[in-house]
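The next block holds one structure in the form of structure tokens; read it before the comments.
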Number of protein chains: 2
Amino acid sequence: MTNTTDAFSELNTRLRRAQLLDSIGQLLGWDEQVNLPADSVAHRAAQHAALAETAHAALSDPKIGELLAVLEAQVKTLTSDQQIVVRWARRDYDRATKLPAEFVREKAEQGSRGYHAWAEAKKNADFASYAPVLEKNLELAKREAGYLGQAAAPYDYMIDKHDPGMSAAVIEKLFDELKAGLVPFVREVTASKTKARADLMRGFPVEQQRAFLREVTQKIGFNYERGRIDVSLHPFCSGTGADIRMTTRFDADNPLDSLFSSIHETGHGLYEQGLASDQHHTALGQAAGMGVHESQSRLWENQVARSRGFWKFFEPKFRTAFSEQLKDVSSDEFYLAINAVEPTLIRVDADEVTYNLHVVLRFELEKKLFAGTLAVRDLPKAWNESAQALLGLTPANDREGVLQDVHWSDGAFGYFPSYCIGNMMAAQLWYHALSLRPQLEEEFARGDFTWLLGWLREMIHAQGKRLDTLGLVRHATGEELSPKWLLRYLRERYGALYLK
Amino acid sequence: MTNTTDAFSELNTRLRRAQLLDSIGQLLGWDEQVNLPADSVAHRAAQHAALAETAHAALSDPKIGELLAVLEAQVKTLTSDQQIVVRWARRDYDRATKLPAEFVREKAEQGSRGYHAWAEAKKNADFASYAPVLEKNLELAKREAGYLGQAAAPYDYMIDKHDPGMSAAVIEKLFDELKAGLVPFVREVTASKTKARADLMRGFPVEQQRAFLREVTQKIGFNYERGRIDVSLHPFCSGTGADIRMTTRFDADNPLDSLFSSIHETGHGLYEQGLASDQHHTALGQAAGMGVHESQSRLWENQVARSRGFWKFFEPKFRTAFSEQLKDVSSDEFYLAINAVEPTLIRVDADEVTYNLHVVLRFELEKKLFAGTLAVRDLPKAWNESAQALLGLTPANDREGVLQDVHWSDGAFGYFPSYCIGNMMAAQLWYHALSLRPQLEEEFARGDFTWLLGWLREMIHAQGKRLDTLGLVRHATGEELSPKWLLRYLRERYGALYLK
């Protein structure tokens, strides 16, 4: 017993050190996006590499392997939480040690090459020059799955990397049902005569935008004593609950972009701040995965911050801050602008309703690529047909089609589905929260978000990795994950606006 | 030959890694002062500790010892630059490996305890509670010197830690000569009827201050593509030439504090940016020591930025930025405010003329403490007598006397003299530069600082650690370091203003 107690304690010490080094790497990354002088890029890359080497050495220290072997041999003597810690430490240790150094180097080099090849191909709308990169990345992904004993199901391995416990078969079933409901709904909304005005928001001074989004994100619960928000080219959220670094970007003529991306990142930040603060180095205090993370960011961004109740509280404040800019904008026009729908070929420009179809498209193509039923050279054609079928739009060239996203250039397959899983989960959490607390929107209208955050803290955040995505949905809502809630939510919110 | 070539190359690889880890630690420190959320302090301390452990392991890797042994055994086959690299790597390696882990731990703990004891003692002006800390710190310093084979001259060891090559005997001779000239000069200036107006500068908006100091520091040569300036409680400069992070602080009613502290830090930054950019990991691309560093910051802050030529160029710009605030201030009043002299008991508030006496005071007491001719319990009395003799002022209590500085609480003995060595060196460099380039101030008056920076780059910055403080002075000016230039400078600049 002392044996496992000591081993568990020693394992914790080592995991804590590895996590601290990882968190320093995150700070380097944040600083790179927020503060780095233009000519300091090469120096930062060298710092990253030196730290990564150190962090990898900490994670792959054979002593961790020995401690895990001791603990696994006496697993029955461990508490259930200890067993979870050990199980996840094993997974991380295997991923840190089972890939040959030569493979890791090859993959890193290919990632860098791939990025530049993609950027060049996108600029020239030239898929042919990019095809060999994709083929190589697919091959590397399959080899990686093989090293981890997952050669039989490499796409499942890639999905599980981002969203532990998830698989292509589960996603396919969910997405098929979602698609069946969503495609006709998008057709209905697109055909509506009601359109949000595109020219509504002009000349919003950045300083006032900053003050307003700070007020909003603080009000919904972000703890600025343990985090900050700064400016970068693309918004993101990094760090751990002990020190969250979020970013946003400002455009005087598009204040809603800044505001909603800030609320989105705040959703991520609230999740991290809600994880057990003394367990960030173990599975007990770490996020369950990307799907769950996205459910938190999307719930706050969409279900909450696009609701009538939310704006009942914040619209008067927004109008006080921007009285001149909004003097000719009615409340109805304003609310419609917040919930604008307009199909586009570009995923990152997509609205809440059509976004999910962009994800479905990518999932279906990835799945076929891994299954070998679609060749890389046939990707553009398959993409364009799918875009027409799902979105009713056909790319004029591959720049607005298959070449639009950076992800695959770095081998990040299996990443996209998490966005849509997050949306489905967010909607399901939302309706369950409403069933427990029907007055939720009235509370929002009074600027009170505490019940919802408290419930998420208890049901989702405090769980860490004890449950995976599907387990957390079951735990929080008592039902299996289903797209019906997202379909219901979109129909209720957008139907009311566009299908009157 | 291949043997040493390989060993030298391998040594460089390891030094580079250690330097990168150190630079990450500096970034953590910068971020802590500039960005850290209030409740993230403990997390940052843990990050620091994890990184320090890693950096120490990199520095003290036995492989470095083996490589050094190989290179030292064949030192004659090395170029002179390689020999310098090896000599300094040996010094750093010995300092990283010769202190027992137990001692390092004891010292770290004592440093933390010492800081809190000092803060408490200062608050209560209670020296007695602080005396045991000082005694312990003295003992630790002596033990540390012993581990490094310097038991016979522990104060020299402490001085050399901050300013390599310098010793108490050299400093004593310099300071005695300085004191003999400076004490009577301070008396003369203090007795002058001419006084700078203390109420001159009020209501300078921070944003305009920021823009102005940015213009000034860029004009004198700071490369903002490889550095930045931000805000912290106390100004500092950190990082390497690849990415310099400076800070300043703003007070609407004291724009000169912000401006001159920024120029001071810019002097440090220019030195770092002038070091060989591909050799930051070896002695060839590292600063020679604190005294030389301070000579660069002080030269730009004082000799340059308090000169008539400098303000001939910048005063019109300053008046454009702050026309309202300066409308009743004449040019003479403005220039006198820039060169205000007013003896004070507090070192950090001291002007350029009296500052050096604060340093002399501390040096003389440190020297006696280490020699055993002054007991810690007698420090307050000795301090007060010295303050009266040097500054003509006697502290009302120990808060404005022996307890004012933090340095000794952490065992940083031998640190203070560098400030004054830097001032002497700055003045000597200045007059030598003028002898080579008599039109220097006329160039400043046209906003042209390139000759001076170019000369410093060549004579000081590009040398790295090839020469020590005294060697650099000899190299740049052809003479031994002497206080006569500082005395001449102070008399010329301040005599002209106060002793008309």
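The values are calculated or read from the model by the stated rules, or taken from the named source; none is laboratory data. Worth saying up front: this structure is predicted, and the values here are computed from it rather than measured. Here the Cβ is made from the backbone with ideal geometry for all residues, glycine too, and neighbour counts use every protein chain on show. Note: areas computed on protein heavy atoms with side chains; ligands, DNA, RNA excluded. Shrake-Rupley method; radii C 1.70, N 1.55, O 1.52, S 1.80 Å.
See the values below:
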{"read-out": "Residue within the range A:245-254 that is under 23 Å from the mean Cα position of the chain (by Cα), within 30 Å of A:LEU499 (Cα to Cα), assigned by TED's automatic domain parsing to the domain that holds A:LEU487 and modelled with pLDDT under 95 present", "value": "yes"}
{"read-out": "Residue within the range A:67-81 that is more than 14 Å from chain B (Cβ to nearest Cβ), open to solvent by less than 60 Å² (accessible area, probe 1.4 Å) and of a type in the set (Lys, Arg) present", "value": "no"}
{"read-out": "Criterion: surrounded by 16 or more Cβ atoms within 10 Å (Cβ to Cβ), touching a Cys at 6+ places or on another chain (Cβ under 7 Å) and touching a residue at least 24 places away in the same chain (Cβ under 8 Å) - qualifying residue of A:VAL359, A:VAL353", "value": "A:VAL359"}
{"read-out": "Options B:PHE250, B:PHE314; residue that is over 29 Å from A:GLU32 (Cα atoms) and either of a type outside the set (D, E, K, R) or open to solvent by 10 Å² or more (accessible area, probe 1.4 Å) (or both)", "value": "B:PHE314"}
{"read-out": "Residues (under 20 Å from the mean Cα position of the chain (by Cα) and open to solvent by 20 Å² or more (accessible area, probe 1.4 Å)) located in the range B:213-242", "value": "B:GLY221, B:ARG228, B:ILE229, B:ASP230, B:VAL231, B:LEU233, B:HIS234, B:PRO235, B:PHE236, B:CYS237"}
{"read-out": "Restricting the range B:34-56 to residues that are of a type in the set (Gly, Ala, Ser) and exposed (fewer than 15 other Cβ atoms within 10 Å of the Cβ), the residue that is farthest from the other protein chains (Cβ to nearest Cβ)", "value": "B:ALA45"}
{"read-out": "Enumeration of residues in the range A:223-259 that are more than 11 Å from chain B (Cβ to nearest Cβ), among the aromatic types (Phe, Trp, Tyr) and free of Cβ contacts under 8 Å to residues at least 60 places away in the same chain", "value": "A:PHE250"}
{"read-out": "Lone qualifier among A:ARG187, A:ARG197, A:ARG210 - being basic (Lys, Arg), more than 14 Å from every other protein chain (Cβ to nearest Cβ) and either without any contact (Cβ under 8 Å) to a residue 12 or more places away in the chain or surrounded by 15 or more Cβ atoms within 10 Å (Cβ to Cβ) (or both)", "value": "A:ARG210"}
{"read-out": "Test: residue in the range B:257-266 that is assigned to a strand (DSSP E or B) and buried (at least 16 other Cβ atoms within 10 Å of the Cβ)", "value": "no"}
{"read-out": "Options B:ASP31, B:ASP6; residue that is open to solvent by less than 10 Å² (accessible area, probe 1.4 Å) and without any contact (Cβ under 8 Å) to a residue 40 or more places away in the chain", "value": "B:ASP31"}
{"read-out": "Residue match in the range A:157-177 (condition: of a type in the set (Ser, Thr, Tyr), in the same structural domain as A:GLY495 (by TED's automatic domain parsing) and closer than 29 Å to A:ASP251 by Cα)", "value": "no"}
{"read-out": "Hits in the range A:94-106 - residues which are part of a helix (DSSP H, G or I), open to solvent by less than 50 Å² (accessible area, probe 1.4 Å) and out of contact with any Leu (no Cβ under 6 Å at 6 or more places or on another chain)", "value": "A:ASP94, A:PHE103, A:GLU106"}
{"read-out": "Contacts under 6 angstrom Cβ, first residue in the range B:87-102 being under 20 Å from B:ARG17 (Cβ atoms) and not assigned by TED's automatic domain parsing to the domain that holds B:GLY285, partner outside any helix (DSSP H, G or I) and charged (D, E, K, R), 6 or more apart", "value": "B:TRP88/B:LYS465"}
{"read-out": "Subset of the range B:122-139 (residues that are farther than 22 Å from B:VAL360 by Cα, assigned to a helix (DSSP H, G or I) and open to solvent by less than 40 Å² (accessible area, probe 1.4 Å))", "value": "B:TYR130, B:VAL133"}
{"read-out": "Test: residue in the range A:404-417 that is farther than 23 Å from A:MET290 by Cβ, at pLDDT 95 or above and open to solvent by 10 Å² or more (accessible area, probe 1.4 Å)", "value": "no"}
{"read-out": "Residue match in the range A:72-87 (condition: modelled with pLDDT of 95 or more and under 26 Å from A:LEU140 (Cβ atoms))", "value": "no"}
{"read-out": "Residue in the range B:9-25 that is nearest to the other protein chains (Cβ to nearest Cβ), counting only those that are over 17 Å from A:THR54 (Cα atoms) and not small (Gly, Ala, Ser)", "value": "B:ASN12"}
{"read-out": "Boolean, B:ARG90 is of a type in the set (Lys, Arg), in contact with a helix residue (DSSP H, G or I) (Cβ under 8 Å, 6 or more places away or on another chain), within 21 Å of B:THR13 (Cβ to Cβ) and surrounded by 13 or more Cβ atoms within 10 Å (Cβ to Cβ)", "value": "yes"}
{"read-out": "Output for the range B:456-467, where each listed residue is hydrophobic (A, V, I, L, M, F, W, C), open to solvent by 20 Å² or more (accessible area, probe 1.4 Å) and closer than 15 Å to B:GLU272 by Cα", "value": "B:MET459, B:ALA462"}
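Yes or no, residue by residue, for (1) charged (D, E, K, R); (2) open to solvent by 70 Å² or more (accessible area, probe 1.4 Å); (3) part of a loop (DSSP other than H, G, I, E, B):
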{"position": "A:ARG113", "(1), (2), (3)": "yes, yes, no"}
{"position": "A:GLU120", "(1), (2), (3)": "yes, yes, no"}
{"position": "A:ALA141", "(1), (2), (3)": "no, no, no"}
{"position": "A:GLN150", "(1), (2), (3)": "no, yes, yes"}
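Residues are listed down the side, and each one gets a yes or a no for (1) more than 21 Å from the chain's Cα centre (by Cα); (2) under 14 Å from A:ASN302 (Cα atoms); (3) not assigned by TED's automatic domain parsing to the domain that holds A:ALA340:
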position	(1), (2), (3)
A:MET424	no, yes, no
A:THR450	yes, no, no
A:ARG457	no, no, no
A:LEU467	no, no, no
A:PRO483	no, no, no
A:LEU486	no, yes, no
